[in-house]
Amino acid sequence: MGIKNKEESNNETKLFKKKNRPSNKKDNPQTSLKAPNKLKLLFTIVDRSKAEFYIDYLENFEINLQTVIYGRGTAPRNIDYLSIAEQNKAVIISVINDKNTKDIINGLEEKFLKVKHGKGVAYTIPISSMIGVLIYQYLSNNQEYRKESI
Amino acid sequence: MNNEYEVILCIVNTGFSEVVMETVRECGASGGTVINARGTARKEAEKIFNIVIHPEKEIVLVLIPKEIKESVLHSLYKAVGLNTPGQGIAFALPVDDVVGLTPINQKNEGK
């Protein structure tokens, strides 16, 4: 088994090297014909003390731009039986790739349920239009396009 | 995942966020988030329409089910519309994926 694995990994490394060879400097038609990814705005509203935690968590999903706005919650006091909920909230606005939406939302839901004092609300709003190619590339973390255009 | 919810953004003069929340709660929503903001307006417009625009504003974000959107916007218009001291503007944006609403909220919203 061990030998087989080694052989496989050798083959893989060979393929990898072949792929990475700078032989084809021209645009690869398969990559240049890709439809642009859609972008969305993700609003995450959490306790202020947990804002940093969620920003770090969201950065794992190829997010290049995040903004935090400080706000305050207005939930009625009678829901908060033990008055442990923080009234000061942070609104994190992140520009995300549409294809990552499901992973992010599911991940956030899990964190909302499992992290202590990490309760929050998250929702996404589609971005309908945008101007500037470089800005788009930056927001969608699209490094392939960037390399080709240089 | 589904388009059952919308987020309402209501921009009002400072101090009126509680009025907004009371109005929204009467329509069935449970909680919201308030952000402090600063408004800008053309000075000439202020003279023409003979109104004073307070630069200090509050933005209230409220997630609501789509069914109560009309009633919420209508009552917001009546409570903190541009003709009232609140001088509010309210609009709704469609929301795609929502997580984190507690069962308590969902029960209240269903009523």
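A:TYR136 versus A:ASP98, label points 7 Å from Cα toward the beta carbon: distance in nm?
1.2
Counting heavy atoms of the protein chains only and a 1.4 Å probe, report the per residue accessible area for chain B as a whole number of Å².
Heavy-atom SASA per residue in chain B reads 56 Å².
For B:GLU6, list long-range residues whose amide hydrogen, built 1.01 Å from N in the peptide plane, is under 5 Å from its own amide hydrogen.
Those qualifying (amide H under 5 Å, at least 5 residues apart or on another chain) are B:ILE64, B:LYS66.
Summed for both chains, how many Å² of accessible area, to the nearest 100, are buried between A and B with a 1.4 Å probe?
2000
In square angstrom, rounded to the nearest 10, how much accessible surface does B:GLU22 have for a 1.4 Å probe?
110
What is the mean number of Cβ atoms from other protein chains located within 10 Å of the Cβ atom of each residue in peptide B:88-97, rounded to a whole number?
So the per-residue partner count for this stretch is 4.
Evaluate E = 1/(1 + (r/R0)^6) for A:SER128 and B:ASN50, where r is the Cβ-Cβ distance and R0 equals 51 Å; express this FRET efficiency to the nearest 0.05.
According to the calculation, E is roughly 0.90.
For chain B, find the longest principal axis of its Cα atoms and tell me its angle to the long axis of helix B:17-26, 0 to 90°, nearest 10.
Once rounded, one gets 40 degrees.
With every protein chain kept in the model, how would you rank A:ASP98, B:ASP96, A:ASP47, A:ASP103 by accessible area, 1.4 Å probe, largest at the top?
Solvent-accessible surface, decreasing: A:ASP103, A:ASP98, B:ASP96, A:ASP47.
The values are calculated or read from the model by the stated rules, or taken from the named source; none is laboratory data. This structure is a prediction, so every number in the text was calculated from the model and none was measured. Here Cβ is always computed from backbone atoms with ideal geometry, including for glycine, and neighbour counts include all displayed protein chains. These accessible areas exclude ligands, DNA and RNA; they are computed on the full protein's heavy atoms, side chains included. Shrake-Rupley method; radii C 1.70, N 1.55, O 1.52, S 1.80 Å.
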